[in-house]
Amino acid sequence: MASINPYAQFEKAFVTGGEKYKYYDLPSIDPKYDQLPFSIRVLLESAVRNCDNFHILKKDVECILNWKPDNRLGQNDEEISFKPARVILQDFTGVPAVVDFAAMRDAVLELGGNPEKINPICPADLVIDHSVQVDFSGTSDALAKNQNLEFERNKERFTFLKWGARAFDNMLIVPPGSGIVHQVNLEYLARVVFETDIEGGKILYPDSVVGTDSHTTMINGLGVLGWGVGGIEAEAVMLGQAISMLLPEVIGYKLVGKLGPLATSTDLVLTVTKHLRQLGVVGKFVEFYGPGVSELSIADRATISNMCPEYGATVGYFPIDENTLTYMKQTNRSEKKIDIIRQYLLATRQMRNYANESQDPRFTETITLDLSTVVTSVSGPKRPHDRVSVKDMKTDFAVCLTNPVGFKGFAIAPDSLQASGQFQWDDNKSYTIRHGSVVIAAITSCTNTSNPSVMLGAGLLAKKAVERGLSIMPYIKTSLSPGSGVVTYYLKESGVIPYLEKLGFDIVGYGCMTCIGNSGPLDENVVNTIEKNGLVCCGVLSGNRNFEGRIHPNTRANYLASPLLVIAYAIAGRVDIDFETEALGIDNDGKKVFLRDIWPTRNEIQEVENKHVIPAMFQEVYSKIELGSKEWQTLQVSESKLYPWSGVSTYIKRPPFFEGMSLMLPPLRSIRNARCLLYLGDSVTTDHISPAGSIARNSPAARYLSENGLTPKDFNSYGSRRGNDAVMARGTFANIRLVNKLVTKTGPRTTHIPSQEEMDIFDCAERYREEGTPLILLVGKDYGSGSSRDWAAKGPFLLGIKAVLAESYERIHRSNLVGMGIIPLQFLPGQNAESLGLSGREVYNINIPEQGLKPGQHIQVEADCNVFDTILRFDTEVDITYYKNGGILNYMIRKMLN
């Protein structure tokens, strides 16, 4: 039974505006409080407030209070429980979450329980974004065309989500077409400080959030502690379960100096990303401090926090300061709310003055960056942390062409370096493309579209370019997808929209779009020319991810860049240009125009920003955001608490995760006579495991949809069909750039070892299932990096994967595997599949003890005659509990029924 909170005596209150506000006086609990990093203070407050010696134990509080700078991951086994204030779901993972909730209700009912218990306890904000594919671009009505097409494609999915918002309590839904989840979170949903009604007044506590997209960390820029978790783990939090985690290291990242007049926040974040990825911060908190932080706007900070998954940390946290509260005022939060927040933060010493060194906490390790050293940069061609200074770009791309195949190589033969191809366009002109030609240029992704400085900078650059008579080749697919309606508002008010449109950067919709692979199709003439001549053509985007096969199948090289550079490279038409010595084009007077001639300075941009980004815009946009479009308002949904599953739907299908479930725990068993389904290398991302983009016409998923009466134009994307397990299982490992050592060619194929027959991965898994053979994966370092995709664990589960053997795991994906009951095993330091002589063709036995399973223990694996130890990557006792139950959702059902 839960007991009275042992820290109740530290509850205090203040009165303002005639209302009483209670809070926990954290500094009074222990003098060590003032030495704690500000991010750890948020964990502490949650533990103190929720301490009931049942879900949250007193030892959790004491553990956090005793956080030490020398607390090192791998040397520390201090496990704590954390209850975030809320959960945020984005569309693609929101659908599976609601599907799972609906299926859990059915399962509870079938097991004799009360399905009404399946309801969110923790507030959930669900934003329908990620939904728009750029089928139409470069036209004034592209926005309407794209949104109408997407509503037509996804009407069933939207109807289901609208049902979910009514069927489940405590869930807020933001309708489609409103913006990208993380930008809407920053500008509208974030509370900074929560206030909840309790007996005798209200209680105040820090806003904190976990979200089903890895870029949930963007909210750290506003001083809200938040990070991405798997959709499976988020569902458990919504049902009242605390997150179990190891107390993290906290890296102090000190910023000094000021950005130069030509540097952008994008250049800064690409610099930070490369720096921290090299340092190695996976599983750690990064907390920014130092006088340089005061020089950054909240939007700049949010840009840096957004790319936290790319540098590998759990959070990239900026403690709250007066700039935070100024931003809240700018984004139309009320003066009363801001005053209450200030009083609470000052009382609990959670308000930061970056100029005051005496406030600097202790950190595990500190590093420093002088902002003045940041130069104009891009990242690519295949990873977000491979930063290249723009002045070196021409040389770097040339080297990449001839390098062996890898993250910085395409292995183009010397006699093919000058390859090119011609095609006819609609204007009856002939165009030539070659290696390095830009075919996609997209201002996209919340990383940058949330930041007025780079968006207005792009608009000013476009204005200067058009006035000098510059243009963009018509075959380049250009698009502008703002992260919220506010961006459109200030772009219009500042007068730059006509110039962006003149260059082809029409607003095409609100969502992640090109950054997540929804760039839409390229013209067939362009595609045929690329394929016929084996060209390494390029995409340039203001996004956060550029992994192989993600942006578009025909852009083998993809570069992340500021919105300004996206336009610049589009005008140039190629990435192998030296902007210092080569002109962008010729102006109306026949003079050469260089990039420096049209590049706006930081002061120019700030002058326009100060004039046009005002609170009234945020009030206008967000006052009606929950209403949604006319199409959304007219959607008719069932009033039933249990979802009426359709047997013929190809979008929403009851998942099989709970089939055959019993109230009793199944016994633990070793894995016997398993086969390796795939043998993969390093940095296999969740895009490789569970692509979100288009469904190839020759794929198992396409065959399934065709058998259900759909034509290719209606296939839509994997992301939009995440509510259908039959599609998603067939789309698992369907990335065209997948490199599997069991076959000779790149792509979603593998070998059925007993027969030596090569086939599609899904078909091979089905063959093994019919034979009663369990499956494993052999992989390298950083397995599961990238987006926090629950289907990257659900898909392998449905294929029959019982265990993964990897050199290392990305944090969120490891958690997702555990959540689905898949065993993550890690090779011992210095060992990997190759060093152990594994070919992937062996028969595998994994010896799981029936009793006494412990976090991090060694597990013996037999591969034919080769016997070796691995590390069990169940990091906490809670992980083991989930595994014993067959996954986190099964655990939650049993917990509710017992």
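Report, by residue number, each residue of the stretch 754-791 that is modelled with pLDDT under 95 and either assigned to a helix (DSSP H, G or I) or among the aromatic types (Phe, Trp, Tyr) (or both).
TRP791
Determine whether the stretch 261-271 contains at least one residue that is among the charged types (D, E, K, R), within 30 Å of VAL390 (Cα to Cα), in a helix (DSSP H, G or I) and not assigned by the TED database to the domain that holds GLY457.
Taking every residue of the stretch 261-271 in turn, at least one turns out to be among the charged types (D, E, K, R), within 30 Å of VAL390 (Cα to Cα), in a helix (DSSP H, G or I) and not assigned by the TED database to the domain that holds GLY457.
Please enumerate the residues belonging to the stretch 835-859 that are open to solvent by 20 Å² or more (accessible area, probe 1.4 Å), outside any loop (DSSP other than H, G, I, E, B) and under 20 Å from TYR809 (Cβ atoms).
First pass over the stretch 835-859, keeping only residues open to solvent by 20 Å² or more (accessible area, probe 1.4 Å): 835-837, 839, 841, 843, 845, 847, 849-852, 854-858.
Next cut, outside any loop (DSSP other than H, G, I, E, B) only: 845, 858.
Matches in the stretch 835-859: HIS858 only.
Could you tell me whether the stretch 843-861 includes any residue that is charged (D, E, K, R) and touching a strand residue (DSSP E or B) at 6+ places or on another chain (Cβ under 7 Å)?
Filtering the stretch 843-861 down to residues charged (D, E, K, R) leaves 850, 854.
From what's left, touching a strand residue (DSSP E or B) at 6+ places or on another chain (Cβ under 7 Å): none.
So far as the stretch 843-861 goes, no, none of its residues is charged (D, E, K, R) and touching a strand residue (DSSP E or B) at 6+ places or on another chain (Cβ under 7 Å).
Scan the stretch 672-683 for residues that are at pLDDT below 95 and surrounded by 23 or more Cβ atoms within 10 Å (Cβ to Cβ) and jot them down.
none
Residues in the stretch 847-870: is at least one modelled with pLDDT of 95 or more and touching a His at 6+ places or on another chain (Cβ under 8 Å)?
Yes, because at least one residue in the stretch 847-870 is modelled with pLDDT of 95 or more and touching a His at 6+ places or on another chain (Cβ under 8 Å).
For the stretch 546-554, indicate whether the set of residues that are touching a residue at least 24 places away in the same chain (Cβ under 8 Å), more than 19 Å from ALA696 (Cα to Cα) and in a loop (DSSP other than H, G, I, E, B) is non-empty.
At the first step, the residues of the stretch 546-554 found to be touching a residue at least 24 places away in the same chain (Cβ under 8 Å) are 546-554.
With more than 19 Å from ALA696 (Cα to Cα) added as a condition, the list becomes 546.
With in a loop (DSSP other than H, G, I, E, B) added as a condition, the list becomes 546.
There is at least one residue in the stretch 546-554 that is touching a residue at least 24 places away in the same chain (Cβ under 8 Å), more than 19 Å from ALA696 (Cα to Cα) and in a loop (DSSP other than H, G, I, E, B).
Name the one entry in VAL540, VAL526 that is in a strand (DSSP E or B), in contact with a Phe, Trp or Tyr (Cβ under 7 Å, 6 or more places away or on another chain) and in the same structural domain as VAL486 (by the TED database).
On the way: VAL526 fails: in a strand (DSSP E or B).
Answer to the check: VAL540.
Based on this model, can you work out whether VAL486 counts as modelled with pLDDT under 95 and part of a helix (DSSP H, G or I)? Give the steps one after another, and end with the answer.
On the way: modelled with pLDDT under 95: yes; part of a helix (DSSP H, G or I): yes.
Answer is yes for this residue.
I need the helices (runs of 4 or more DSSP H) fully contained in the stretch 585-643, keeping only those with at least 1 residues that are more than 32 Å from the chain's Cα centre (by Cα) and in the same structural domain as LEU565 (by the TED database).
Details: elements: 595-598, 602-612, 615-622, 630-633.
By residue number, 595-598, 602-612.
I'd like to check something: does the stretch 649-661 contain any residue that is of a type outside the set (Lys, Arg) and under 16 Å from LEU460 (Cα atoms)? Show your work before the answer.
Filtering the stretch 649-661 down to residues of a type outside the set (Lys, Arg) leaves 649-652, 655-661.
Going one step further and asking which of them are under 16 Å from LEU460 (Cα atoms), we end up with none.
Within the stretch 649-661, not a single residue is of a type outside the set (Lys, Arg) and under 16 Å from LEU460 (Cα atoms).
Could you tell me whether the stretch 644-656 includes any residue that is closer than 30 Å to ILE812 by Cα, open to solvent by 70 Å² or more (accessible area, probe 1.4 Å) and in contact (Cβ under 8 Å) with a residue 12 or more places away in the chain? Write out each step before concluding.
If we filter the stretch 644-656 for residues that are closer than 30 Å to ILE812 by Cα, which is where we start, we get 650-656.
Subsequent filtering for residues that are open to solvent by 70 Å² or more (accessible area, probe 1.4 Å) retains 654.
Pick out the ones that are also in contact (Cβ under 8 Å) with a residue 12 or more places away in the chain and you get 654.
Yes - at least one qualifying residue is present in the stretch 644-656.
Do we find a residue being open to solvent by less than 10 Å² (accessible area, probe 1.4 Å), within 18 Å of GLY316 (Cβ to Cβ), in contact with a Pro (Cβ under 6 Å, 6 or more places away or on another chain) and of a type in the set (A, V, I, L, M, F, W, C) anywhere in the stretch 215-232?
Looking through the stretch 215-232, none of the residues is open to solvent by less than 10 Å² (accessible area, probe 1.4 Å), within 18 Å of GLY316 (Cβ to Cβ), in contact with a Pro (Cβ under 6 Å, 6 or more places away or on another chain) and of a type in the set (A, V, I, L, M, F, W, C).
Hey, any hits in the stretch 653-674 for a residue that's farther than 30 Å from GLU807 by Cβ and not in a loop (DSSP other than H, G, I, E, B)?
No, that holds for no residue.
Go through the stretch 515-527 residue by residue and tally those that are touching a His at 6+ places or on another chain (Cβ under 8 Å) and modelled with pLDDT under 85. Before the answer, list the steps.
In the first step, residues of the stretch 515-527 are kept if they are touching a His at 6+ places or on another chain (Cβ under 8 Å); the result is 516-519, 522.
Next, from what is left, pick out any that are modelled with pLDDT under 85: 516-519.
Here the count works out to 4.
Which numbered condition in (1) open to solvent by 10 Å² or more (accessible area, probe 1.4 Å); (2) touching a strand residue (DSSP E or B) at 6+ places or on another chain (Cβ under 7 Å) is the only one that GLU295 fails?
Here GLU295 meets the rest and fails (2).
Going by what's in this entry, would ASP725 be described as in contact with a Gly (Cβ under 9 Å, 6 or more places away or on another chain), touching a residue at least 12 places away in the same chain (Cβ under 8 Å) and within 27 Å of ASN544 (Cα to Cα)?
no
Among the residues of the stretch 156-181, write down those that are open to solvent by 10 Å² or more (accessible area, probe 1.4 Å), in contact with a helix residue (DSSP H, G or I) (Cβ under 8 Å, 6 or more places away or on another chain) and part of a helix (DSSP H, G or I).
LYS162, the sole residue that qualifies.
Residues to consider are ASN832, ASN890; find the one that is farther than 17 Å from LEU775 by Cβ, in contact (Cβ under 8 Å) with a residue 24 or more places away in the chain and either part of a loop (DSSP other than H, G, I, E, B) or among the acidic types (Asp, Glu) (or both). Break it down stepwise before answering.
Details: ASN890 fails: either part of a loop (DSSP other than H, G, I, E, B) or among the acidic types (Asp, Glu) (or both).
Criteria check complete, one pass: ASN832.
Give the stretch 787-820 a look and list any residue that's surrounded by fewer than 24 Cβ atoms within 10 Å (Cβ to Cβ) and touching a helix residue (DSSP H, G or I) at 6+ places or on another chain (Cβ under 6 Å), or say none.
LEU798, LEU799, GLY800
Mind checking which helices (runs of 4 or more DSSP H) fall wholly inside the stretch 390-474 and carry at least 2 residues that are of a type in the set (A, V, I, L, M)?
Qualifying helices (runs of 4 or more DSSP H): 393-402, 452-467.
Which one is surrounded by the fewest Cβ atoms within 10 Å (Cβ to Cβ) among residues in the stretch 325-349 that are touching a helix residue (DSSP H, G or I) at 6+ places or on another chain (Cβ under 7 Å) and not in a helix (DSSP H, G or I)?
ARG349
When the stretch 515-543 is examined, which residues are found to be in contact with a Lys or Arg (Cβ under 7 Å, 6 or more places away or on another chain), open to solvent by 10 Å² or more (accessible area, probe 1.4 Å) and on the phi < 0 side of the Ramachandran plot?
LEU522
Tell me whether the stretch 687-700 contains one or more residues that are in a helix (DSSP H, G or I), over 23 Å from SER788 (Cβ atoms) and open to solvent by less than 10 Å² (accessible area, probe 1.4 Å).
So the first thing to find is which residues in the stretch 687-700 are in a helix (DSSP H, G or I), and the list is 687-689, 700.
With over 23 Å from SER788 (Cβ atoms) added as a condition, the list becomes 700.
Restricting the remaining residues to those that are open to solvent by less than 10 Å² (accessible area, probe 1.4 Å) gives none.
No, the stretch 687-700 has no match at all.
Being over 17 Å from PRO452 (Cα atoms) and of a type in the set (Gly, Ala, Ser) is the filter; apply it to the stretch 606-636 and report the residue that is least open to solvent (accessible area, probe 1.4 Å).
Only one residue fits best here, namely GLY628.
Using the structure shown, decide if VAL286 is within 16 Å of THR217 (Cα to Cα), outside the structural domain of ASN603 (by the TED database), open to solvent by less than 20 Å² (accessible area, probe 1.4 Å) and not in a helix (DSSP H, G or I).
Numbers: within 16 Å of THR217 (Cα to Cα): yes; outside the structural domain of ASN603 (by the TED database): yes; open to solvent by less than 20 Å² (accessible area, probe 1.4 Å): yes; not in a helix (DSSP H, G or I): yes.
The answer is yes for VAL286.
Return a yes/no flag: does the stretch 420-431 have any residue that is under 19 Å from LEU541 (Cβ atoms), modelled with pLDDT of 95 or more and out of contact with any Phe, Trp or Tyr (no Cβ under 8 Å at 6 or more places or on another chain). Step through it out loud before you land on a result.
First pass over the stretch 420-431, keeping only residues under 19 Å from LEU541 (Cβ atoms): none.
No, every residue in the stretch 420-431 fails to be under 19 Å from LEU541 (Cβ atoms), modelled with pLDDT of 95 or more and out of contact with any Phe, Trp or Tyr (no Cβ under 8 Å at 6 or more places or on another chain).
When the stretch 373-400 is examined, which residues are found to be more than 29 Å from the chain's Cα centre (by Cα) and among the hydroxyl-bearing types (Ser, Thr, Tyr)?
Once the filter is applied, which keeps residues that are more than 29 Å from the chain's Cα centre (by Cα) and among the hydroxyl-bearing types (Ser, Thr, Tyr), the stretch 373-400 yields only THR395.
The values are calculated or read from the model by the stated rules, or taken from the named source; none is laboratory data. Just so it is clear, the structure is predicted and the values come from calculations on it, not from any experiment. All Cβ positions, glycine included, derive from the backbone under ideal geometry; neighbour counts span all protein chains shown. Calculation scope for accessible area: heavy atoms of the full protein, side chains included, ligands and nucleic acids excluded. Shrake-Rupley method; radii C 1.70, N 1.55, O 1.52, S 1.80 Å.
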